[in-house]
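**Student:** Got a structure here, written out as structure tokens. Questions coming.
The values are calculated or read from the model by the stated rules, or taken from the named source; none is laboratory data. None of these values were measured; they are calculated from a predicted model. For neighbour counting, all protein chains shown are included, and Cβ atoms are generated from backbone atoms with ideal geometry for every residue, glycine included. Just so you know, the surface numbers come from the protein's heavy atoms only, side chains and all, with ligands and any DNA or RNA stripped out. Shrake-Rupley method; radii C 1.70, N 1.55, O 1.52, S 1.80 Å.
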Amino acid sequence: DSLGYRRLTLHRTLVAESAPEKLAKSIIRSSKKRHALIVFGNEHPLVYEALRQCREANVPVITLVTDLPGAQRLCHVGIDQQQAGRTAGRMMGLMAHRPGEVLMLSGRQDFSAHRLRIQGFREVITQRFPHLQLGEVLAGEDNRQRIDRLLEEALRRNRDVVGIYNTGLGNTQVAQALARHRRYGECCWITHERYRTTREQLAQGGMALTIDQHAHQHARLAVELALRHLETGYQPHLFSDGKVEFILYSAENVD
């Protein structure tokens, strides 16, 4: 509404992240009824094929939050995910003073955002903070039961865990696991996004930092770019920068 368009209708379709086949069908179906699409999607062959069909039908597609490298899209809107991971790594290295192991808990691997976050985090810890050791990535795959089991096994196996970096779902499970092992508030815990759980954990002192993607800016920029394309056609200089700046929240500024 704030964009000033009186004849603009935004349709939202919610598809489970674990259902790329359903997402691909929804993209193809929507491309036959809509003027433009904004997609948060998996790196899956059927999703790529759906975007190819959109291009053939001259329906512009903007990817949101997590990019689809090589896909036939108009542009991408999102933060620099690798840079976010590197920032998390630097903060972890500065805040976890005692030598020990840092656990990396990752979301779904078919989303490039999670892989890039882990990559950036690993690079910085390895290059700059030799007092911290990194083990295998705990592939939680955004499954809460799996996350709980992986954390329990890791914390039981190693009493020298000084940090946890979580790229996705499962912060409630992280808090519970740390509490069970009497590490809550002692282990440096860094994650992503500002929502009810992360605000509570920051306020209670269990979490050190969360890196927020600024979801409203994502939405506004993606819609603006789609409208600009529909009004003026593709102009490379208009679509070269869909970057959104992320925000670091601690207990001091999370309200």
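**Student:** At most 16 other Cβ atoms within 10 Å and a DSSP loop assignment: could you name the chymotrypsin sites (Phe, Trp or Tyr not before Pro) in segment 148-197 that fit?
**Tutor:** 195
**Student:** Still on this structure, please answer the following. How large is the helix-only mean residue ellipticity at 222 nm for the chain, computed as the sum of -39500 (n - 2.57) over DSSP H runs with n ≥ 4, divided by its residue count, in deg cm²/dmol to the nearest 500?
**Tutor:** Estimated from H runs of four or more residues: -13500 deg cm²/dmol.
**Student:** Report the equivalent ellipsoid semi-axes for segment 56-188 in whole Å, largest first, defined as the square roots of five times the eigenvalues of the gyration tensor built from alpha carbon atoms.
**Tutor:** In descending order, the three semi-axes are 31, 17, 10 Å.
**Student:** Next question, about the same structure. How tilted is helix 81-95 with respect to the longest principal axis of the chain? Cα atoms for both, answer in degrees (0 to 90, nearest 10).
**Tutor:** Taking the Cα atoms of the chain, the angle to 81-95 is about 20 degrees.
**Student:** Okay, moving on. Which longest uninterrupted range of the chain lacks any trypsin sites (Lys or Arg not before Pro) assigned by DSSP to a loop state (not H, G, I, E or B) and surrounded by at most 13 other Cβ atoms within 10 Å?
**Tutor:** That gives 34-158 as the longest site-free run.
**Student:** Also: Rounded to whole Å and sorted largest first, what semi-axes of the equivalent ellipsoid does the C-alpha gyration tensor of the chain yield via the square root of 5 times each eigenvalue?
**Tutor:** 37, 19, 16
**Student:** While we're on this one: What percentage of the solvent-accessible surface of segment 95-217, computed with a 1.4 Å probe over protein heavy atoms, is contributed by carbon and sulfur atoms?
**Tutor:** Whole-percent figure for carbon plus sulfur exposure: 47.
**Student:** I've got another one for you. For the chain, find the longest principal axis of its Cα atoms and tell me its angle to the long axis of helix 112-128, 0 to 90°, nearest 10.
**Tutor:** That works out to roughly 40 degrees.
**Student:** Using only Cα atoms and rounding to the nearest 10 degrees, what angle (0 to 90) does helix 171-180 make with the longest principal axis of the chain?
**Tutor:** Between helix and principal axis, roughly 10 degrees.
**Student:** Relative to the Cα centre, what is the charge dipole magnitude of the chain, using +1 at the beta carbon of each Lys and Arg, -1 at the beta carbon of each Asp and Glu, and rounding to the nearest 20 debye?
**Tutor:** Using only the charged Cβ atoms, the result is roughly 460 debye.
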